[in-house]
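A quick write-up on the structure given underneath.
Each reported figure results from applying straightforward, stated rules to the coordinates on display, with no laboratory input. Just so it is clear, the model here is predicted, and its values are computed rather than measured. As a convention, Cβ positions derive from the backbone with ideal geometry for all residues, glycine included, and neighbour counts pool all protein chains shown.
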Amino acid sequence: MGFFGDIGREGSRVVGAPSILSADFAHLADEVARARSGGATLVHFDVMDNHFVPNLTIGPPVAASLVAATDLPVDVHLMVENPDNLIPAFADAGVASISVHAEAVVHLHRTLTAIREVGCEAGVVLNPATPPEAVEWVLPEVDYVLVMTVNPGFGGQSFIPQMLKKIRRIKQMTDAPVEVDGGITAETAPRVVEAGARVLVAGSAVFRGDPEAEMRRIIGAGESGLG
Ligand code: DX5
Ligand code: ZN
């Protein structure tokens, strides 16, 4: 039924998802392969447009190359103003899942439905300042909820601890898996898992060291937070 659907059913699997934002883009396939050796089972792909966030990254052609270069599912995090325009191109690139920001989309229900219609799993993302209630009425249309644990735009920022309460609140609202993104390290991983998160995105903590060892360390630390 899809990667996130399986995570939701299994309940207690902790997923390590390296964010390639902090990888060496000239050696993307190798970087992802090294994180995969450390237990990564999903690749997090950050798309920024210099409008919704003050940074600029990569798009569908790079996603297509990465899909061809790894057997891990590719999870696209769209930090862009008009995500609807990009959904078909990322689906054609072969990505497994696409998430959109509640703050960036006017017709959120329509956009999430469009993601599912092209055969991808659909995620909704919340900035740190956005309340959980913002997504309450679209929860039937989502396969996962991505809680930003930093303000989106850059790697290497510090985890915002108030987000632990938001993760708990969202888990009271839905059985869909919670993914967390920003400031995830071996220190913060047990705390987010204990709060209910299961998919741990980590960029700088994985790629600024040895990706295999760091990925393994973060997943292991996350597992220690399981009840
Ligand atoms: C930030 C991106 C993240 C980023 C996280 O806006 O969405 O995926 O790579 O980086 P770290 O893990 O370094 O906080
Ligand atoms: Zn991200």
The stretch 112-154 and the stretch 158-191 have their Cα centres apart by a whole-number Å value of 14 Å
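Would you kindly calculate the translational diffusion coefficient of the stretch 108-227, applying Stokes-Einstein with the Kirkwood radius from alpha carbon pairs, for 20 °C and a viscosity of 1.002 mPa s, and quote it in µm² s⁻¹ without decimals?
Values: Rh = 14.7 Å.
The estimated diffusion coefficient comes to 146 µm²/s.
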Ser12 label point, 7 Å along Cα→Cβ, cut-off 16 Å on backbone N: hits in the stretch 207-227?
220-227
Could you tell me which of Ser224, Val14, Met173 has its Cα farthest along the dipole of the stretch 3-226 towards the positive end, charges placed at Cβ (Lys, Arg +1; Asp, Glu -1), taken about the Cα centre?
Ser224
What net charge is computed for the residues neighbouring Val125, neighbours being all others with C-beta under 9 Å from the C-beta of Val125, Lys and Arg scored +1, Asp and Glu -1?
-3
In whole percent, the Cα-Cα distances of the stretch 39-101 spread across 10 Å bins from 0 upward as 24, 56, 20, 1
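Starting from the exponent 0.38 and prefactor 2.2 Å, build the expected Rg for the chain from its residue count and divide its actual Cα Rg by it. Provide the component values of the computation, followed by the final result.
Working: Rg = 15.6 Å, N = 227, 2.2 N^0.38 = 17.3 Å.
The value comes to 0.90.
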Restricting the calculation to Cα positions, tell me the Rg (one decimal) and the Dmax (whole number) of the stretch 164-227 in Å.
11.7, 37
Applying 1/(1 + (r/R0)^6) with R0 = 30 Å to the Cβ-Cβ distance of Glu133 and Asp30, what FRET efficiency is obtained, to the nearest 0.05?
0.10
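Once R0 is set to 30 Å, what does the formula 1/(1 + (r/R0)^6) return for the Cβ-Cβ distance between Ala69 and Leu226, expressed as a FRET efficiency to the nearest 0.05?
Values: r = 32 Å, r/R0 = 1.06.
About 0.40, to the nearest 0.05.
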Sum of side-chain charges, Arg110 neighbourhood, beta-carbon under 15 Å (Lys, Arg +1; Asp, Glu -1)
-2
Approximate spin-label separation Arg208-Thr113, in nm, with each point projected 7 Å along Cα-to-Cβ
4.4 nm
